[in-house]
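The values are calculated or read from the model by the stated rules, or taken from the named source; none is laboratory data. Computed from a predicted model, the values in this text were never measured in an experiment. Glycine gets a Cβ as well: all are built from the backbone with ideal geometry, and neighbour counts include every protein chain shown.
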Amino acid sequence: MTTLMRLHHVNYQVGDKLILNDINLTVPAQAQLTVTGPSGGGKSTLLRVMAGMISKTSGDLQFEGQPIESYEPTAYRRQVSYCFQQPTLFGQTVADNLAFPYQIRKLPMDQRHVEAALEYVGLSANLLTEAIDDLSGGERQRVALIRNILFLPKILLLDEVTAGLDADNKAIIHRWLTHLNRDRQVTTIMITHDAEEIQAAQQLVRVTDGQLEVPA
């Protein structure tokens, strides 16, 4: 299977503290990778390095066979998209958020595409006019995720996006992520502490004290 991303002896250090220590990881195209480990072990730092949000201190990080440094940052982040644990919405309404990916590409919003995405995650098209302050936690998370995939990235990085959600909302997001991976060929890399998500993982890695382990 084609290698989409490769980390080779990657380190990340702040002052004297080594937060990521000699990370080696190969991510094939269309993988479903689950990342777990204790709080403060370096999981979120690893995803932020992979997303290009922070720069590794040393080592080699390649995307599609090219060093990450060779990519223009905005173009790279359209291919490797990061979803935060706490969804950040802006503007006044849901429509403000879902129009944004089109606006930055100088395109009109594709109403049918947006409404289909909302429907897939159990949300009504009527939600477009809803004020973001009136959304529930599950609705906010689904809107934020839709915003990230209206233009499909090749890799979707998910930092505990189901944390704090009820079982119904978790099930909706799991179904949608499986659809993106299997039907739309999006590689997903998800951090979780959830025992059921860890149990269901197709490929599991653990980050502890900045070091990556692949459980037997």
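Across segment 174-216, which residue is surrounded by the most Cβ atoms within 10 Å (Cβ to Cβ) among those that are under 22 Å from residue 4 (Cα atoms) and basic (Lys, Arg)?
206
Which condition number does residue 146 fail, the rest of (1) of a type in the set (A, V, I, L, M); (2) touching a residue at least 60 places away in the same chain (Cβ under 8 Å); (3) over 22 Å from residue 29 (Cβ atoms) being met?
Going through (1) of a type in the set (A, V, I, L, M); (2) touching a residue at least 60 places away in the same chain (Cβ under 8 Å); (3) over 22 Å from residue 29 (Cβ atoms) one by one, residue 146 breaks only (2).
Say we look at segment 121-138 and pick out the residues that are among the small types (Gly, Ala, Ser) and not in a helix (DSSP H, G or I); which of these is farthest from residue 111 (Cα to Cα)? Show your work before the answer.
Initial filter on segment 121-138 (among the small types (Gly, Ala, Ser)): 122, 124-125, 131, 136-138.
With not in a helix (DSSP H, G or I) added as a condition, the list becomes 122, 124, 131, 136.
Values: 122: 17, 124: 13, 131: 18, 136: 23 Å.
Selected residue: 136.
Could you please find all residues in segment 62-83 being crowded, with 20+ Cβ neighbours inside 10 Å and either within 17 Å of residue 6 (Cβ to Cβ) or of a type in the set (A, V, I, L, M) (or both)?
63, 68, 80
Being over 17 Å from residue 69 (Cβ atoms) and either of a type in the set (Val, Ile, Thr) or without any contact (Cβ under 8 Å) to a residue 12 or more places away in the chain (or both) is the filter; apply it to segment 1-22 and report the residue that is surrounded by the most Cβ atoms within 10 Å (Cβ to Cβ).
So, considering only residues that are over 17 Å from residue 69 (Cβ atoms) and either of a type in the set (Val, Ile, Thr) or without any contact (Cβ under 8 Å) to a residue 12 or more places away in the chain (or both), the one surrounded by the most Cβ atoms within 10 Å (Cβ to Cβ) is 19.
Could you tell me whether residue 162 is outside any helix (DSSP H, G or I), hydroxyl-bearing (Ser, Thr, Tyr) and modelled with pLDDT under 95?
Numbers: outside any helix (DSSP H, G or I): yes; hydroxyl-bearing (Ser, Thr, Tyr): yes; modelled with pLDDT under 95: yes.
Yes: the conditions hold for residue 162.
Sort through 19, 54 and tell me the only one that's in a loop (DSSP other than H, G, I, E, B) and more than 18 Å from residue 198 (Cβ to Cβ). Explain how you work it out, then say what you get.
Details: 19 fails: in a loop (DSSP other than H, G, I, E, B).
That would be 54, the only listed residue that is in a loop (DSSP other than H, G, I, E, B) and more than 18 Å from residue 198 (Cβ to Cβ).
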